[in-house]
Structure formats: structure tokens, C-alpha cells
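K.L.:
Before anything else, here's the structure in question.
The values are calculated or read from the model by the stated rules, or taken from the named source; none is laboratory data. Fair warning: this is a prediction, and the values are worked out from it, not measured in the lab. We place every Cβ from the backbone using ideal geometry, glycine too, and count neighbours over all the protein chains shown.
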């Protein structure tokens with residue numbers, strides 16, 4: 001191959017590597033990056049004087065190796081974690097202890113973790129000091145609670 005065509009091929013591999021690696025920003029899951037790294041490996045092969053066949057073979061093999069090496073990382077990074085509730089909604093399902101009697105007509109207080117919350121019963125129940133409850137709903141700054149057992153109380 002002539003000197004100008006080999007120089008053009010070197011530039012092509014470098015540009016392809018940059019474009020694919022940059023394109024990874026827009027595509028989740030490490031899909032384009034392995035091919036960008038493969039193009040970079042082919043560019044290295046071109047700069048050391050390898051034939052076009054060896055450059056293409058280097059691109060294919062390196063892209064495959066990088067693809068399978070980066071796939072588990074991409075899957076792990078794309079997993080969606082359950083987001084805990086925000087604000088008072090984080091209390092849903094949490095257990096607490098009554099510290100001021102809770103009745104249908106007089107809201108009392110419950111301690112959930114280290115916080116004290118105004119509470120009302122979900123039904124017409126009445127809870128006395130020391131009773132264990134679980135939060136079923138949040139209405140403004142008040143939690144709605146139902147009876148629980150001592151084993152369900154969160155630490």
C-alpha cells in the first residue's frame with residue numbers, strides 16, 4: 001500500500017476509536033466503548049506497520065474481548081436500585097412504639113427509630129403506651145398505624 005493510503009488508514013482507525021468512545025456517552029451499558037477500544041487497538045497495529053488484514057483482525061478480536069469483559073460491568077451499572085421513600089413516606093411499613101396513647105378521637109405519639117410522630121389509628125382501635133404499631137399511611141405530618149408484634153419493631 002502507498003504511504004498516503006496507510007496514513008489515511010491510521011487516521012481512520014484513530015477517528016473511529018474517538019467517535020465510538022465518545023458515542024458511549026449517549027448509549028448506556030458499555031455498548032460502543034468496546035468497539036472504540038478495538039479501533040484503538042487496530043490503530044496501534046496500523047502505526048506499527050501491520051497489514052490491513054491484521055488491523056481488521058485486531059479490531060474484531062479486540063472488540064470481542066472488550067465487549068465480553070465490559071458486559072458484566074455494564075449490567076451491574078444499569079441495575080435499578082429501589083429508591084427509599086422520600087420525606088415522611090419513608091416511614092411506610094416501619095414499626096414503632098406508642099409513647100402517648102393513640103385513639104380514634106385523640107391522636108397520640110409514636111416513636112419510630114429515634115423520631116416521634118403524631119399518630120392516629122387506621123381503624124377505631126386504641127393503643128396504649130408501650131404498644132407496638134406499624135405505619136400504614138402518612139397524612140401530612142401524622143402517621144396512620146395498626147397493631148403489630150414486638151418482633152416487627154425496627155431497631
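K.L.:
Would you confirm, using the coordinates I've provided, whether residue 84 is touching a strand residue (DSSP E or B) at 6+ places or on another chain (Cβ under 6 Å) and at pLDDT below 90?
P.N.:
Details: touching a strand residue (DSSP E or B) at 6+ places or on another chain (Cβ under 6 Å): no; at pLDDT below 90: yes.
In short, no.
K.L.:
What single numbered condition from (1) farther than 30 Å from residue 39 by Cα; (2) assigned to a helix (DSSP H, G or I) fails to hold for residue 57?
P.N.:
Condition (1) is where residue 57 drops out.
K.L.:
Next up: Within the range 53-73, can you find the residues that are more than 14 Å from residue 16 (Cα to Cα), in contact with a helix residue (DSSP H, G or I) (Cβ under 7 Å, 6 or more places away or on another chain) and touching a residue at least 40 places away in the same chain (Cβ under 8 Å)?
P.N.:
Selection gives 70 alone.
K.L.:
For the range 48-59, check the following and say yes or no: at least one residue is under 26 Å from residue 76 (Cβ atoms) and surrounded by fewer than 17 Cβ atoms within 10 Å (Cβ to Cβ).
P.N.:
Within the range 48-59, none of the residues are under 26 Å from residue 76 (Cβ atoms) and surrounded by fewer than 17 Cβ atoms within 10 Å (Cβ to Cβ).
K.L.:
Among the listed residues 16, 20, 37, 9, identify the single one that is in contact with a helix residue (DSSP H, G or I) (Cβ under 8 Å, 6 or more places away or on another chain), under 18 Å from residue 72 (Cα atoms) and either surrounded by 16 or more Cβ atoms within 10 Å (Cβ to Cβ) or touching a residue at least 60 places away in the same chain (Cβ under 8 Å) (or both).
P.N.:
Of 16, 20, 37, 9, the one residue that is in contact with a helix residue (DSSP H, G or I) (Cβ under 8 Å, 6 or more places away or on another chain), under 18 Å from residue 72 (Cα atoms) and either surrounded by 16 or more Cβ atoms within 10 Å (Cβ to Cβ) or touching a residue at least 60 places away in the same chain (Cβ under 8 Å) (or both) is 37.
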